[in-house]
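Following: one structure in structure tokens, then a few remarks.
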Amino acid sequence: MKPKVENHYWLKSGFINVIQNFSGVFFGFASFYFLVRVLTKHEFGAWTLFMATVTILEIFRNGLIQNALVRFISSSPLAEHHKITSASFTISGILTLVCIIANLLFAHQVALIWKTEELETMFYLFNIVFVLSGILTQFNCIEQANLNYAGVFITNFIRQSSFFIYVLVCFSFDIKISLINLLYIQIIGVFASAVVAYYYVRPYLKITFKLYPEWIKKLFNYGKYAFGTSVSSILSTTIDQMMLGVMLSPAAAGSFNIAVRITNLIEIPTNAVATIVFPQSAKRLEAEGVEAIKYLYEKSVGVILAILIPGVLIIFLCSDFVIHFIAGGKYDDSIPLLKVTLLYCILIPFGRQFGTILDSIGRTRTTFIVVVICATINLSLNYLFILEMGVIGAAYATLVSNVIGFMIAQTILKKELNVNLLNTFIYAYKFYPEFYYKYISRSKKA
């Protein structure tokens, strides 16, 4: 029988993370719902490309230390925590400076490529967000490493809801929205979130203003592959939109982004489970060995698939209605894009948990190599398919690269952990009766 403490962790943290991911997707989706109605296709496409670019820079900064910080704090003695935290802040500060310099150097050129002058000023202003979000990320990671998620949820809620409220007010009162004002709201939201995050992380925040070369080296050596993985992964998910913006137009990128945003709605369980599994798998490896990690992968993917598949089927069958309801009639070109993106949604849980599990057991180099290969394939296919087929080519390129990545990942998991692909579908099938008997049937008896 599993300890009650562990069951309590999974129940509480699972609930918080599902709610957090649901609220994140809800606010992102709701903001998008109104933005597509008040912005022109060009403006919405330009905003999509701007957010894709700054997200890559944030991942560039966070990817090197985020998983490393969580892993080492969750598996190291308390006496070492202040050294780990200080080393992490040191690395984060250096990378933030690198991102700011890159932003200053290339903002003008990027604005010219995407034919939107306002983007140059926006890239310069986003440097404020870089500094604030760097601090916020450190606070959230420290809390997550201590198996607490309340502060992470609340700070994300503040950051996302403030943006949504502004867009809603502008839409309701017919106030003209400029892209630069959207960025000002982001700055306010991330500042408020950082202040609240500090309140929640104070019990765990132990920093000494010293350099700890041994921990800087450990974090860097662990995080360098996770960093490469994160950057390559975000490139894989945004390169199609960015290439559409360069090769066709910002409007084309906006149309593709609509299909991607809808599929994000059904990725809530994938993101939530990945957040919970990472610190748990790091602990279980030390206590129970490889067999426990194998079970974690198969079980977590199975549960995600059980939740995911019905949603994919419903949206696929009703894709015309979904696009018209969500984005309006001017985005009919997103309907075939949505149908293709839904196909590779089924493969996302396998890939996401593959990276989570391998990173948690220290195989970040393997994850890095796989993601780089897939990103390279995705980049090449996007270029060829967009030239040949236009916007729909980007969707097919991402589908093909996801299928190739799935096959590579399953081969590695079979070799390293003896993962049985069939077991994930067995767990998915068993999820429905288990859920019924544990929750629905018991509630009726009560």
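Coordinate-derived values only; no laboratory data. Keep in mind that this is a model prediction, so the values were computed, not measured. All Cβ positions, even for glycine, are placed from backbone atoms using ideal geometry, and neighbour counts span all protein chains on display.
A compact table of results
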| read-out | value |
| --- | --- |
| Three-way shape call for the chain based on the alpha-carbon gyration tensor, with the a/c threshold at 1.5 | rounded |
| The chain: relative contact order as a whole-number percent, Cα under 8 Å and 6+ apart | 22 |
| Loop sites in region 87-178: trypsin sites (Lys or Arg not before Pro), DSSP, at most 10 other Cβ within 10 Å | K176 |
| Under 17 Å from K210, Cα to Cα: aspartates and glutamates that are on another chain or at least 8 residues apart | E80 |
| Exposure proxy order (Cβ contacts within 10 Å, fewest to most) of Y295, Y149 | Y295, Y149 |
| Ranked L358, L104, L343, L413, criterion: other C-beta atoms within 10 Å, fewest first | L104, L343, L413, L358 |
| Axial C-alpha extent at least 30 Å, average Kyte-Doolittle at least -1.0 - helices from the chain (DSSP) | 4-38, 41-75, 81-113, 118-145, 150-172, 179-201, 213-247, 290-317, 364-389, 391-417 |
| Whole-number D in µm²/s for region 32-89 (Stokes-Einstein; Kirkwood sum over Cα pairs; 25 °C, 0.890 mPa s) | 172 |
| Entries of K83/K224; K115/K339; K339/K430; K218/K415; K115/K224; K218/K294 with Cα pairs more than 24 Å apart | K115/K339; K339/K430; K218/K415; K115/K224; K218/K294 |
